[in-house]
Amino acid sequence: MADRAFKITPLIRAGFGAVLLLLALIIAPLAALLWRAETPAVLGAADWAAVRFTLLQATLSAGISVGLAVPVARALARRRFVGRGLLITLLGAPFILPVIVAVLGLLAVFGRSGILSTVLGWVGLPPVHIYGLHGVVLAHVFFNLPLATRLILQGWLAIPAERFRLAASLDFGPRDVARVLEYPMLRSTLPGAFMVIFLICMTSFAVALALGGGPKSTTVELAIYQAFRFDFDLGRAALLAGLQFTLGAIAAGVMLRVSVPSTMGGGLDRTVERWDITAGWRDGLLLAAVALFLIVPLGMILIDGLPYVFSLPASVYAAAGRSLGVALVSMVISTGLALLLALLVVRLRRGGVLVESIGYITLAASPLVIGAGLFIVLFPLTDPVALALPVTALVNAVMSLPFALRTLVPAVREVEGTYGRLADSLAMGGWVRMRLVLWPRLRRPLGFSAGLAAALSMGDLGVIALFSDPNGATLPLQMYRLMAAYRMDQAAGAAVLLLGMSLLLFWIFDRGGRADADV
Amino acid sequence: MLTFEDMRYTQDGFSLHADFTVRDGEMLAVIGPSGGGKSTLLNVVAGFLEPTSGRVLWDGQDLAGTVPGKRPVSILFQDNNLFPHMSVAQNVGLGLRPDLRLSAQQKTQVEAALERVGLAGFGARKPAALSGGQASRVALARMLLRGNPLVLLDEPFAALGPALKVEMLDLVRDLMGETGATLMMVSHDPEDAKRIAQRTVLVADGEALAPVETTEIFANPPEALQAYLGK
């Protein structure tokens, strides 16, 4: 099969088109920014402080998330208890949770007038301060501890059950099992998990916007926003964007060297049969603490926000409508691009690796860099503000592309591997193959990717903050404005609305992919 | 008539050579040790592999460059012969039109083919609801409708029990008799060859030897076959 003539079909041509579009979207904005930076701006002390803060918070966030995730994953891997499946599902939830919603929830618990400060007040202690480095790190750990746990749990469950059986028959104690089986697994899993989270935290914008602030806790991403939005200093924005891109490229380069485990697959509902463990109360305590850490902030939002969901200002509902539109458009673009790229990757074989890595570049690219660059490209042509929503949809689509690719490439490869020759022998090519073989076999991963893209776009607070005028906000931005104006009740109501819409979007598409999908 | 004209296929240190002719309408068994190149031989004919040198001819026409779906060939693989998301009738219908836009008359043809293989009334089922033998019959019904003059079987019945396998081989023999098609059947079981093949090709040590009468080859097995049979 390896040497069959390669045919350029319309689908392959479209795939190459998708690659070009992607490259253009990553390179053109950067070029535009550099071109507009007329005076060779110099990075000041504040900019270097932003770089240091970015690296510091990303290192801390990734380190703490991964460090805590190891015992949590171990507990999940070896304990069987009621609600285990639910807890694992809950660990997947932060991924599609709108950042700004989680921030509001964390404020309700750890904020100045949150639960923790209230309890401290009872015993005469001062309230905690959440703004600054520890707030940013706290929010990042909230998002990434679950991700890290799932990544590491995957590693634990990938150790064949037979190994543990062999260990038991050789009378290994927990220490021996750790040395012989678990440390080697962790050595190969942890670097990848650390780098993924480092990269996520490095380009995170909304958390820094809401919980950072002040010159001491500004990330590069936030600095780009400020240079662009407040000073309209394109030179500085361009320089910062170049800096951010370089940092991202270096981090992504490191990440490509270490293997990154996948959490997209299922199979986490298994436990590892172990014979070397006894009392479980420590594991129980740990899992309970993690569950509380995840549930309480979200619970607080529901409690605070539910009463206001149906009595919000009209502007919030209008923003919700705009967000829904952006999410759906973004979903179509993201899933379509991912499918074309996946087909190309599988068809190209060796060259496919290159195409696939282009799809993953956007993990390192910053949405604000792309957004700011597109603003400059569009500025002479038309009013960028009028295009705020389409641009947001496009950038969001590109940002969720890596996740869609991660799901679709293995799926397409599997379908082609299993049924490709049968389809070939029956002369099912091109569109017929797409309609009769690929589409029905790919419904599940397509539904999952679509749901993910829609939910991520729904909750995104990034590019839109650069462009939008007061009347064109999306729901996350509108919610942030309510928070900034200290209208916390309405913000909580908007948060519940946003959370509900994100989860519902994901559920509908993911569900749609599963509905009467045959084995 | 299928002709291997000094055909050689090489990849990563593996090499297979064939230089013989398959007669029209004959049933030919291809046997030999695993890893010897039996499936490779079929894959070259089916168009999934292209010869490194030499030619494969059908009725004097070089098959090189013809994609698998356009060759005069129907092939049954070891597994995954049916699409699990399609009904039995749809799977069979693919033999008439790969885009499944079937006319009323073609749908009747599908039913007739299913009836011929003993699966009348099974059209609406999904492959998951079939036994191994029934799934093989569906694939054979599709082969009937494709109507290609050359049929390749790459051990599609290997997972069936002995009695069921004999049943399927007999059905294949009958179908070949009715359609007049030529058959090349890969098997690791000498009994399969003895049951339906007039001639047998032994594939061993990178060489597909010229076909020999099946009775003859088992009566006086060459050295490579003796080693394979363990006699």
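The values are calculated or read from the model by the stated rules, or taken from the named source; none is laboratory data. Every value quoted in this text rests on a predicted model; they were computed, and no experiment measured them. As a convention, Cβ positions derive from the backbone with ideal geometry for all residues, glycine included, and neighbour counts pool all protein chains shown. Please note that ligands, DNA and RNA were not included when accessible areas were found on the heavy atoms of the full protein model with its side chains. Shrake-Rupley method; radii C 1.70, N 1.55, O 1.52, S 1.80 Å.
Looking at segment B:110-132, which of the residues that are surrounded by fewer than 19 Cβ atoms within 10 Å (Cβ to Cβ) and in a helix (DSSP H, G or I) is nearest to the other protein chains (Cβ to nearest Cβ)?
Restricting to residues being surrounded by fewer than 19 Cβ atoms within 10 Å (Cβ to Cβ) and in a helix (DSSP H, G or I), the top hit is B:Ala128.
Within segment A:381-438, how many residues turn out to be more than 14 Å from chain B (Cβ to nearest Cβ), open to solvent by 20 Å² or more (accessible area, probe 1.4 Å), assigned to a helix (DSSP H, G or I) and of a type in the set (Ser, Thr, Tyr)?
Residues meeting the conditions: 1.
Would you pick out the residues in segment B:207-216 that are part of a loop (DSSP other than H, G, I, E, B) and either touching a strand residue (DSSP E or B) at 6+ places or on another chain (Cβ under 7 Å) or loosely packed, with under 12 Cβ neighbours inside 10 Å (or both)?
B:Leu209, B:Pro211 - these are the residues of segment B:207-216 that are part of a loop (DSSP other than H, G, I, E, B) and either touching a strand residue (DSSP E or B) at 6+ places or on another chain (Cβ under 7 Å) or loosely packed, with under 12 Cβ neighbours inside 10 Å (or both).
Which of the residues belonging to segment B:65-75 are open to solvent by 30 Å² or more (accessible area, probe 1.4 Å) and either within 10 Å of another protein chain (Cβ to nearest Cβ) or at pLDDT 95 or above (or both)? Write out each step before concluding.
To start, the set of residues in segment B:65-75 that are open to solvent by 30 Å² or more (accessible area, probe 1.4 Å) comprises B:65-67, B:70.
Correct list: B:Gly65, B:Val67, B:Lys70.
Kindly establish whether A:Gly121 is open to solvent by less than 70 Å² (accessible area, probe 1.4 Å), of a type in the set (Gly, Ala, Ser) and in contact (Cβ under 8 Å) with a residue 12 or more places away in the chain. Break it down stepwise before answering.
On the way: open to solvent by less than 70 Å² (accessible area, probe 1.4 Å): yes; of a type in the set (Gly, Ala, Ser): yes; in contact (Cβ under 8 Å) with a residue 12 or more places away in the chain: no.
Here the answer is no, as A:Gly121 does not meet what is asked.
Would you tally the residues in segment B:1-49 being surrounded by 16 or more Cβ atoms within 10 Å (Cβ to Cβ), touching a strand residue (DSSP E or B) at 6+ places or on another chain (Cβ under 8 Å) and not in a helix (DSSP H, G or I)?
Within segment B:1-49, residues that are surrounded by 16 or more Cβ atoms within 10 Å (Cβ to Cβ), touching a strand residue (DSSP E or B) at 6+ places or on another chain (Cβ under 8 Å) and not in a helix (DSSP H, G or I) number 23.
Going by the conditions given, is B:Ser136 within 24 Å of A:Thr418 (Cβ to Cβ), touching a helix residue (DSSP H, G or I) at 6+ places or on another chain (Cβ under 8 Å), touching a residue at least 24 places away in the same chain (Cβ under 8 Å) and open to solvent by less than 60 Å² (accessible area, probe 1.4 Å)?
For B:Ser136, the condition - within 24 Å of A:Thr418 (Cβ to Cβ), touching a helix residue (DSSP H, G or I) at 6+ places or on another chain (Cβ under 8 Å), touching a residue at least 24 places away in the same chain (Cβ under 8 Å) and open to solvent by less than 60 Å² (accessible area, probe 1.4 Å) - is met.
If only one of B:Ala204, B:Ala219, B:Ala193 is hydrophobic (A, V, I, L, M, F, W, C), at pLDDT below 95 and open to solvent by 20 Å² or more (accessible area, probe 1.4 Å), which one is it?
B:Ala219
Step by step: first the residues of segment A:2-44, then only those that are loosely packed, with under 13 Cβ neighbours inside 10 Å and within 14 Å of another protein chain (Cβ to nearest Cβ), then the one that is modelled with the highest pLDDT. Which residue is that?
A:Ile8
State which residue pairs qualify: first residue part of a helix (DSSP H, G or I) and inside segment A:94-109, second residue open to solvent by less than 20 Å² (accessible area, probe 1.4 Å) and of a type in the set (S, T, N, Q) in any location, beta carbons under 6 Å apart, and separation of 6 or more residues or different chains.
A:Ile96/A:Ser502
Going by the conditions given, is A:Met483 over 18 Å from the mean Cα position of the chain (by Cα), assigned by TED's automatic domain parsing to the domain that holds A:Leu389 and touching a residue at least 40 places away in the same chain (Cβ under 8 Å)? Break it down into steps so the answer makes sense when it comes.
Numbers: over 18 Å from the mean Cα position of the chain (by Cα): yes; assigned by TED's automatic domain parsing to the domain that holds A:Leu389: yes; touching a residue at least 40 places away in the same chain (Cβ under 8 Å): yes.
For A:Met483, the condition - over 18 Å from the mean Cα position of the chain (by Cα), assigned by TED's automatic domain parsing to the domain that holds A:Leu389 and touching a residue at least 40 places away in the same chain (Cβ under 8 Å) - is met.
Is there any pair with a first residue in segment A:224-248 that is assigned by TED's automatic domain parsing to the domain that holds A:Leu209 and a second that is assigned to a loop (DSSP other than H, G, I, E, B) and surrounded by fewer than 22 Cβ atoms within 10 Å (Cβ to Cβ) whose Cβ atoms are under 6 Å apart and which are 6 or more apart or on different chains, and what are they?
A:Ala227/A:Asp233; A:Gly235/A:Ala37; A:Gly235/A:Thr39; A:Gly235/A:Ala41; A:Arg236/A:Ala41; A:Ala238/A:Ala37; A:Leu239/A:Ala41
Looking only at residues in segment A:225-244 that are among the aliphatic types (A, V, I, L, M) and under 23 Å from the mean Cα position of the chain (by Cα), which one is most open to solvent (accessible area, probe 1.4 Å)?
Checked segment A:225-244; the qualifying residue most open to solvent (accessible area, probe 1.4 Å) is A:Leu243.
Please give the number of the condition A:Gly472 fails out of (1) of a type outside the set (Phe, Trp, Tyr); (2) within 26 Å of A:Val391 (Cβ to Cβ); (3) more than 22 Å from the chain's Cα centre (by Cα); (4) assigned to a helix (DSSP H, G or I).
Failing condition for A:Gly472: (4).
Taking A:Leu222 as meeting all but one of (1) modelled with pLDDT under 90; (2) surrounded by 22 or more Cβ atoms within 10 Å (Cβ to Cβ); (3) of a type outside the set (Gly, Ala, Ser), write down the number of the exception.
(1)
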